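J.: Supplied in structure tokens, the structure appears directly below.
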Amino acid sequence: MKLSLVVPVYNEEENLPELLPRIYQAVAPLNLDWDLTLVDDGSRDQSAAVLKQMAAADPEHVRAVILNRNYGQTAAITAGIDHSDGDIVILLDADLQNDPADIPLLLEELDKGYDVVSGWRKDRQDNKLTRTIPSRIANGLISNVTGVHLHDYGCTLKAYRRDILNKINLYGEMHRFIPVYAAEAGGKISEVVVHHHPRIHGKANYGLERVFKVLLDLITIKFLLSYAKKPIYLFGGVGLGLMAGSFIVLLSLAVRRVVVGTPVLGSPWFQISVMSFILGFISILLGLIAELLMRTYYESQNKRTYDIREVIKK
Ligand code: UDP
Ligand code: MG
């Protein structure tokens, strides 16, 4: 069994010289086949040069992948996963906030038969107001909406079996949702408390604006989980609801016209219900287009709508 460590790097020249010894210290005693993939995500400092030196100094274990420009942490992670080949992948940050000393703990937990072991920064060392508190709210929300119950989706330090990663495509800034995709793909998920240290060198790349991105990502993932294979249920459901509602309003306006004599056209409800009737109709049409897209997605790539663990036959 082989372990691949993957580290995304963006402007971390001061942290790298300290990171490598800590990784060696954690992994060497484990006595297993391992490698380390350091991905430079278009750093503007000397990180790329430092990574090249590190790869040259220990070609047996260290690989440097230098990206063309800054693509963001998720893309950097994906590049690292693609360029490594261990059966187990552990991701960690380059800024020394994650502690490589936790690696054996993650492996031990994974060994109990899990596909993903998520690190939980229980004692998180980041700015309370802009990071820790918003993140706690976001984590609660993600846990509720997705039904995959973890305390800390944003913690990079997590261990994955490659089989499960192979089933997942990551876009945008979706790396925090890997456990959710993994659960959807049938993976078993666990969680362990890991250490977290304050950032000493360099500066954090994210602030409060990430809250909104996470919120939008969450809407996307909820849609994908619940409706990607049957979009007409969502669009058509909304559409039918709107049309039914406006039909009832129009009908009661007509009844009122006959019984009391109030003119239909004078009521604002007339315009509102005509508008929502049209909206409902368009929503159903959108759902039909989404159904076409979904079929194209599966059939053009020969994708299956299921995933088999094993088939038993004499
Ligand atoms: N990172 C990256 N590309 C980016 C931003 C960040 O590869 O565009 C890396 C960064 O070098 C670090 C990790 O992603 O190793 C996490 O970044 P950061 O420490 O800024 O995030 P935080 O720990 O504050 O969530
Ligand atoms: Mg950090």
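J.: So how do 110-123, 267-280 stack up, highest first, on mean other-Cβ count within 10 Å?
T.: Working: 110-123: 18.9, 267-280: 15.1.
Listed from highest to lowest mean packing, they are 110-123, 267-280.
J.: Report the charge-dipole magnitude of the chain in Debye, nearest 20, computed about the Cα centre from +1 at each Lys and Arg Cβ and -1 at each Asp and Glu Cβ. List each step's numbers first, then the result.
T.: Values: 34 positive and 35 negative charges, 357 e Å.
Dipole size: approximately 1720 debye.
J.: Specify which residue in the list VAL62, VAL255, TYR24 is farthest towards the positive end of the charge dipole of the chain, using unit charges on the beta carbon of Lys, Arg (+1) and Asp, Glu (-1), about the Cα centre.
T.: Comparing the listed Cα positions along the dipole, VAL255 ranks first.
J.: On to the next question. Ratio of Rg to Rh for the chain, alpha carbon only, Kirkwood? Mind showing how you got there, number by number?
T.: Values: Rg = 25.3 Å, Rh = 22.5 Å.
My calculation of the ratio gives 1.13.
J.: Identify, among PHE235, PRO198, ILE278, the residue whose Cα sits farthest towards the positive end of the charge dipole of the chain, taking +1 on the Cβ of Lys and Arg and -1 on the Cβ of Asp and Glu, with the dipole about the Cα centre.
T.: Of the candidates, ILE278 comes out farthest on the positive side.
J.: List the GluC sites (Glu not before Pro) in the stretch 256-314 that DSSP assigns to loop (not H, G, I, E or B) and whose Cβ has at most 16 other Cβ atoms within 10 Å. Which are they? Each step should come with its number before you reach the end.
T.: On the way: sites: GLU291, GLU299, GLU310; in loops: GLU310.
Here the sparse-neighbourhood loop sites are GLU310.
J.: What pairs in LYS52/LYS213; LYS167/LYS188; LYS167/LYS229; LYS188/LYS314; LYS112/LYS314; LYS158/LYS229 have C-alpha atoms more than 21 Å from each other? It would help to have the intermediate numbers written out before the result.
T.: Working: LYS52/LYS213 33 Å; LYS167/LYS188 14 Å; LYS167/LYS229 16 Å; LYS188/LYS314 28 Å; LYS112/LYS314 30 Å; LYS158/LYS229 29 Å.
Result: LYS52/LYS213; LYS188/LYS314; LYS112/LYS314; LYS158/LYS229 exceed 21 Å.
J.: If you don't mind, there's one more thing I want to ask. Tell me, what is the percent relative contact order of the stretch 6-131, built from C-alpha pairs under 8 Å that lie six or more residues apart?
T.: Values: 172 pairs, mean separation 40.9, N = 126.
Normalised by residue count, the contact order of the stretch 6-131 is 32 percent.
J.: Continuing with this model, one more query. Quick one: putting +1 on the C-beta of Lys and Arg, -1 on the C-beta of Asp and Glu, what dipole do you get for the stretch 109-207 around its Cα centre, in Debye to the nearest 20?
T.: Working: 15 positive and 10 negative charges, 65 e Å.
Here the size comes out at about 320 debye.
J.: Can you pull the semi-axes for the stretch 140-291, root of five times each eigenvalue of the Cα gyration tensor, sorted largest first, whole Å? Let's see the in-between values first.
T.: Details: eigenvalues 452, 71, 32 Å².
After diagonalising the Cα gyration tensor, the semi-axes are 48, 19, 13 Å.
J.: How high is the relative contact order of the stretch 202-287? Use alpha-carbon pairs under 8 Å, at least six apart in sequence, and give a whole percent. The partial results should precede the final answer.
T.: Details: 61 pairs, mean separation 34.3, N = 86.
It comes to 40 percent, rounded to a whole number.
J.: Which value in deg cm²/dmol, rounded to the nearest 500, describes the helix-derived mean residue ellipticity at 222 nm for the chain, given -39,500 (n - 2.57) per DSSP H run of n ≥ 4 and division by the residue count? Numbers along the way, then the final one.
T.: On the way: 10 runs with 147 residues, N = 314.
The helix contribution divided over the chain gives -15500 deg cm²/dmol.
J.: Would you mind calculating the relative contact order of the stretch 116-214 from Cα pairs under 8 angstrom and at least 6 residues apart, reporting the percent as a whole number? Can you show the working numbers first?
T.: Working: 112 pairs, mean separation 45.3, N = 99.
RCO, the stretch 116-214: 46 percent.
J.: May I ask for the net charge around VAL211, where only other residues with Cβ less than 15 Å from the Cβ of VAL211 are counted and Lys, Arg are +1 while Asp, Glu are -1? Don't skip to the end; give the middle numbers.
T.: On the way: positive: LYS128, ARG131, ARG136, ARG176, ARG210, LYS213; negative: ASP126, GLU173, GLU209, ASP217.
Within the 15 Å Cβ shell, the charges total +2.
None of the figures in this text is laboratory data; all of them are computed from the coordinates on show. Only a predicted model underlies this, so the values are computations on that prediction, with no experimental measurement involved. Ideal geometry is used to build each Cβ from the backbone, glycine not excepted, and the neighbour counts take in all protein chains shown.
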